[in-house]
Structures are given as C-alpha cells and as structure tokens.
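Here's the structure, in structure tokens; my notes come after.
The values are calculated or read from the model by the stated rules, or taken from the named source; none is laboratory data. Predicted model, so just to flag it, every value in this text is computed and none were measured. Here the Cβ positions follow ideal geometry from the backbone for every residue, glycine too, while neighbour counts run over all protein chains shown. What goes into the accessible areas is simple: the full protein's heavy atoms, side chains included, and nothing from ligands, DNA or RNA. Shrake-Rupley method; radii C 1.70, N 1.55, O 1.52, S 1.80 Å.
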Amino acid sequence: MSTVTVREPGPDRGVVFQRYSVFPHLSVRDNLILPVSFRDAPILGRLFGSALRKAEAEANATLERVGLAHVADAWPSQLSGGMQQRLAIAQALVRRPRVLLLDEPFGALDPGTRLSMHDFLLDLWRESGMTIFMVSHDLSEAFKLGTRVVVFDKPRWDPQDPSRYGATITHDFRLGDKKGETSNDPTHDSDRETAAAAIRDADAARPGGNPAAPPS
Amino acid sequence: MRWINRRPGRPLLFVLAALPFVLTLLAYVVGSDIRRAANPNDKLLPALEKVIDRAQALATEPDRRSGEILLWQDTAASLQRLAIGVTCAALIGVAFGLLIGLFPLARSTLASYIAVLSLIPPLALLPVLFLVFGLGETAKIVLIAVGITPFLIRDLGQRVLEIPLEQLVKAQTLGASSWQIMTRVALPQLAPRLIQAVRLSLGPAWLFLIASEAIAAQAGLGYRIFLVRRYLAMDIIIPYVLWITVLAFLIDWSLRLTSRRAFRWAHVEGESL
C-alpha cells in the first residue's frame with residue numbers, strides 16, 4: 001500500500017453513485033467512449049477515424065458483456081434503473097481504476113433488480129480481482145457481497161442534539177475470501193448472522209442506546 | 001364530477017382555444033362600428049376591411065418614394081438587428097455561464113458583479129449607447145445585447161450549477177480535465193437550456209429593439225409604428241403589431257422545434273413549455 005494525499009478525484013479511482021452517474025446527453029455507447037476520449041483527445045475531447053472505431057468496438061464488447069448491447073443507441077433516461085447502474089459501473093471501469101468506489105449504488109433499485117445486480121457485481125469482481133469499496137445501508141447486502149465489513153455508528157448519542165457526536169468504526173468483520181462462492185452459496189450465512197447479531201447486541205447494550213437513531 | 005376533473009374533448013378544445021381570439025376580434029368590430037356611426041372617418045378604430053386592404057398594400061406595393069416594399073424592408077432591418085443582438089448575448093451568456101457555473105474562482109469574481117449589472121435598467125443606458133456608438137445599427141444591437149445578457153449569464157450559470165455534482169466527480173474519475181468537463185459535459189447539457197433561456201429573453205429583446213428603433217432609425221418595424229403614429233394611422237399600426245406578434249410566435253416555435261430535433265435526449269421524459 002502506498003500513501004498518497006488525495007486532493008481531487010482521478011482516474012485511479014472509479015466511482016458509481018446512487019444516481020446521476022452516467023451522462024444523460026450521451027447515448028449508452030457514447031457514455032463508454034467518453035472516458036477514452038478524455039484520455040486520448042485532450043483538446044477536442046472527441047475521437048475521430050480509426051481511434052473512434054477502435055473505441056466503438058471496445059464499447060460494443062463491454063456492452064455485450066454487461067448485457068446492454070441491445071440498447072447501445074438509447075439514452076440513459078430510457079433505461080431502467082438497474083440497466084443505468086450497470087452502465088455506470090461499466091463506464092467506471094473503462095479507465096481501469098485501481099479501486100472502485102460504490103456509494104449506495106443499488107439504493108434506488110427494486111429488490112429483484114438489486115439481487116441480479118449483486119450477481120453482476122460479484123462476477124465482475126471475480127473477473128477483475130480489483131478492490132471494491134462499497135457503502136451500503138443494507139446489512140444483508142454488505143455481508144453478502146463483502147469480504148470485509150466495516151460498520152460505522154455513533155458510539156455516543158445525544159437525543160437532544162443528534163449531530164453532537166460523530167460516527168466512528170464500531171465493528172470490523174473479516175469475512176474471508178469468497179472467490180469460489182456463488183452469490184447464493186450459504187457457506188458464510190452463519191458468519192453473517194453472528195455478525196449481525198453482534199451489531200444488534202452492541203446497540204442494545206450501549207448506555208443510552210439509540211434504537212431510533214437514523215442510519216448515518 | 002368536480003370541475004378540476006373535467007377535461008375538454010377534441011372539438012371543445014379547439015373552440016375553447018379559439019374563443020378569446022374570436023371575442024377580441026368581435027370587440028374590435030363592434031367598437032369600430034360604434035365609433036364610425038358617430039364619425040365615418042374615425043381614425044382610432046378603422047373598419048376591419050380598411051385595415052386588411054392596407055395590410056395587403058403594405059406587403060405587396062412598393063413605397064412611392066423609396067420604391068421598396070415597406071413591410072419587408074422593415075422586417076428585414078428589424079430581424080437583422082434582433083438576430084445579431086440575441087446571438088451576441090447568447091454567446092456571451094454561454095461563455096460566462098460556463099465560467100461562473102464551473103469555476104469557483106470565476107464565480108467568486110463575477111457572480112455579484114453581474115447581479116449588480118443586471119439591476120441597471122437597459123433603457124436608461126440607451127442615451128449613452130447612442131452617444132458612444134452613434135445613431136447607426138451598432139447602438140441598437142448593443143442595446144438588445146446589453147438588455148438580455150445579464151439575464152442569460154445568470155440563468156445559464158445557474159443551469160450549470162444545477163448539473164449534479166455526481167456527474168462532475170464521475171467525469172474527473174474518468175480522467176477529464178477542466179476543459180474537457182466544460183466542453184463535453186457542461187456545454188452539451190447547457191445547449192437545450194440555452195434555447196429555453198433565449199426563448200424567455202426574446203420578449204425583452206423585442207422591447208429593446210422597438211425602443212431603440214423608435215428613437216432613431218431609417219427602417220424597422222418599431223420605427224414605422226412610431227413614425228405613422230404622427231398621422232394617427234391605426235390602419236398601419238395594427239397590421240404591424242400583428243405582424244410582430246406573428247414573427248415572435250414563429251421564432252419561438254422554431255426554437256422549440258430546434259431544441260426537440262437537436263437535443264432529443266433532453267425531451268425524452270415529459271413535456272415542457
């Protein structure tokens with residue numbers, strides 16, 4: 001691990017947010033070509049000729065892999081939420097970042113779509129082997145996807161002034177490698193349940209515990 | 001059924017939309033009849049036939065003195081001023097809107113300055129413009145530009161600020177420079193907003209055009225209206241006002257159509273005015 005002072009976002013860190021992670025004025029395919037344009041066309045920001053055809057071919061291959069080839073010419077607003085997020089993740093990976101940051105990427109999706117996105121993400125992670133850092137409010141999602149789950153909570157809680165004390169790491173679970181696991185594999189379920197129970201116990205045992213505290 | 005749930009069917013929709021126009025016309029005809037009953041040569045509300053005849057003559061017959069067909073000459077002069085003025089304002093508005101919306105340093109420098117500038121009533125500057133630029137085309141074009149540019153800058157700057165921060169962060173993680181974010185992320189998304197903003201500022205633009213033509217010009221729709229006012233020539237003023245209205249409507253309509261055609265991504269969801 002290297003120590004770097006981070007001042008602004010850069011291409012070594014890919015990111016996907018809950019919303020607004022793709023560019024609405026570009027077609028699905030152009031959303032995947034854009035990162036290449038940023039790299040290869042510093043002034044015009046656009047590719048032409050053979051460079052464009054090469055980027056298009058790469059984009060088409062990526063779209064094939066993430067199951068969006070049939071909507072390559074649509075605009076993002078015409079896609080479902082799950083498709084938009086798949087596009088956003090695919091786009092974030094074009095520049096091959098060292099770390100992928102996911103900020104509640106599946107928070108706005110319906111439960112069924114969310115499950116298929118879990119499979120999608122796990123497959124992607126096994127293929128690439130990159131570090132994925134994901135923020136989630138959903139405990140079961142965190143334990144299903146994570147090899148390590150870090151829980152943030154407020155150890156002190158003033159009901160009169162909820163913002164008085166900040167959040168800190170309250171739990172740190174190392175769930176081990178799940179490279180060989182399918183998303184439905186129950187191997188780690190017991191681990192997860194133990195961990196989830198530990199969090200609940202800790203909440204209950206805390207003096208002046210905050211059962212009604214908003215997740216923050 | 002409640003009144004808020006009653007919707008007109010197709011035929012009724014047409015009738016309702018036409019109703020205010022028909023009533024206005026009717027009010028004119030009746031008023032004109034009453035006045036002409038008292039004085040057959042009334043100039044204030046001339047007979048409809050007389051107005052139509054005059055409008056036809058204006059559009060087809062060359063002027064006896066200059067040999068030009070006045071309506072087209074005036075239209076060309078006015079539209080040219082309007083087009084140049086609005087285009088200049090739009091270009092300045094986009095440039096400064098992008099600067100203010102994207103760069104905090106530019107925003108800190110310019111935002112309050114432009115807020116103050118936009119409070120100056122442009123018509124109060126008209127004498128200054130005539131003194132500085134003379135009585136030719138420049139002063140009129142500059143008045144239009146000066147009049148609507150502050151609004152365009154503020155509106156477009158706001159539109160750029162409304163681009164979700166997530167998009168800007170994402171673009172940076174995809175390796176975009178400030179310049180690339182400006183040209184490939186902000187500018188394309190600003191384009192349909194620019195058309196919207198221009199549509200909104202066309203009203204004031206016409207106002208400034210006609211005001212400057214009224215004071216000093218040799219041709220132009222506003223010039224003609226103010227010229228024939230001296231002869232109480234309502235039969236010229238009314239067709240001219242209607243013609244300006246038609247032009248304004250056509251410009252607005254074509255801008256809306258352009259936006260729909262050129263920026264279909266911005267019109268995918270829902271309708272807008």
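Based on what the data block shows, is B:I52 of a type in the set (V, I, T), assigned to a helix (DSSP H, G or I), farther than 16 Å from B:V241 by Cα and open to solvent by 80 Å² or more (accessible area, probe 1.4 Å)? Walk me through it before giving the result.
Numbers: of a type in the set (V, I, T): yes; assigned to a helix (DSSP H, G or I): yes; farther than 16 Å from B:V241 by Cα: no; open to solvent by 80 Å² or more (accessible area, probe 1.4 Å): yes.
No: the conditions fail for B:I52.
Do we have B:P188 as touching a His at 6+ places or on another chain (Cβ under 9 Å) and within 14 Å of another protein chain (Cβ to nearest Cβ) here? Yes, satisfied.
Under the condition of being out of contact with any helix residue (DSSP H, G or I) (no Cβ under 8 Å at 6 or more places or on another chain) and either within 8 Å of another protein chain (Cβ to nearest Cβ) or part of a helix (DSSP H, G or I) (or both), the residues counted in segment B:145-180 number 5. Summed over segment A:1-25, the residues that are of a type outside the set (V, I, T), out of contact with any Phe, Trp or Tyr (no Cβ under 7 Å at 6 or more places or on another chain) and within 8 Å of chain B (Cβ to nearest Cβ) give a count of 11. Of the residues making up segment B:126-136, those that are surrounded by fewer than 16 Cβ atoms within 10 Å (Cβ to Cβ) and part of a helix (DSSP H, G or I) number 5.
When we screen B:L44, B:L48 for residues that are touching a residue at least 12 places away in the same chain (Cβ under 8 Å) and touching a Lys or Arg at 6+ places or on another chain (Cβ under 8 Å), the only hit is B:L44. What about A:R126, is it open to solvent by 60 Å² or more (accessible area, probe 1.4 Å), within 27 Å of A:R29 (Cβ to Cβ), outside any strand (DSSP E or B) and in contact (Cβ under 8 Å) with a residue 24 or more places away in the chain? Yes.
In this structure, is A:A59 touching a residue at least 12 places away in the same chain (Cβ under 8 Å), out of contact with any strand residue (DSSP E or B) (no Cβ under 7 Å at 6 or more places or on another chain), within 14 Å of chain B (Cβ to nearest Cβ) and in a helix (DSSP H, G or I)? Taking the combined requirement at face value, the residue satisfies it.
Listed by first and then second residue, the pairs with beta-carbon distance under 7 Å, at least 6 apart or on different chains, first residue in segment B:8-36 and farther than 15 Å from B:M234 by Cβ and touching a residue at least 40 places away in the same chain (Cβ under 8 Å), second open to solvent by 90 Å² or more (accessible area, probe 1.4 Å) and among the aromatic types (F, W, Y), form an empty list. Scanning segment B:205-222 for residues that are open to solvent by 50 Å² or more (accessible area, probe 1.4 Å) and assigned to a helix (DSSP H, G or I) returns B:L207, B:I215. Filtering segment A:70-101 to residues that are within 18 Å of B:W265 (Cβ to Cβ), more than 10 Å from chain B (Cβ to nearest Cβ) and either part of a loop (DSSP other than H, G, I, E, B) or hydrophobic (A, V, I, L, M, F, W, C) (or both) leaves A:V71, A:A72, A:D73, A:L79, A:S80, A:M83, A:L87. Counting residues in segment A:36-50 that are within 11 Å of chain B (Cβ to nearest Cβ), small (G, A, S) and touching a residue at least 24 places away in the same chain (Cβ under 8 Å) gives zero. Against the numbered list (1) open to solvent by 60 Å² or more (accessible area, probe 1.4 Å); (2) of a type outside the set (K, R); (3) touching a Lys or Arg at 6+ places or on another chain (Cβ under 6 Å), B:Y113 comes up short only at (3). On inspection, B:A248 does not qualify as within 14 Å of another protein chain (Cβ to nearest Cβ) and assigned to a helix (DSSP H, G or I). Taking segment B:60-75 as the range and being closer than 18 Å to B:L227 by Cα, part of a helix (DSSP H, G or I) and free of Cβ contacts under 8 Å to residues at least 24 places away in the same chain as the test, only B:W72 passes.
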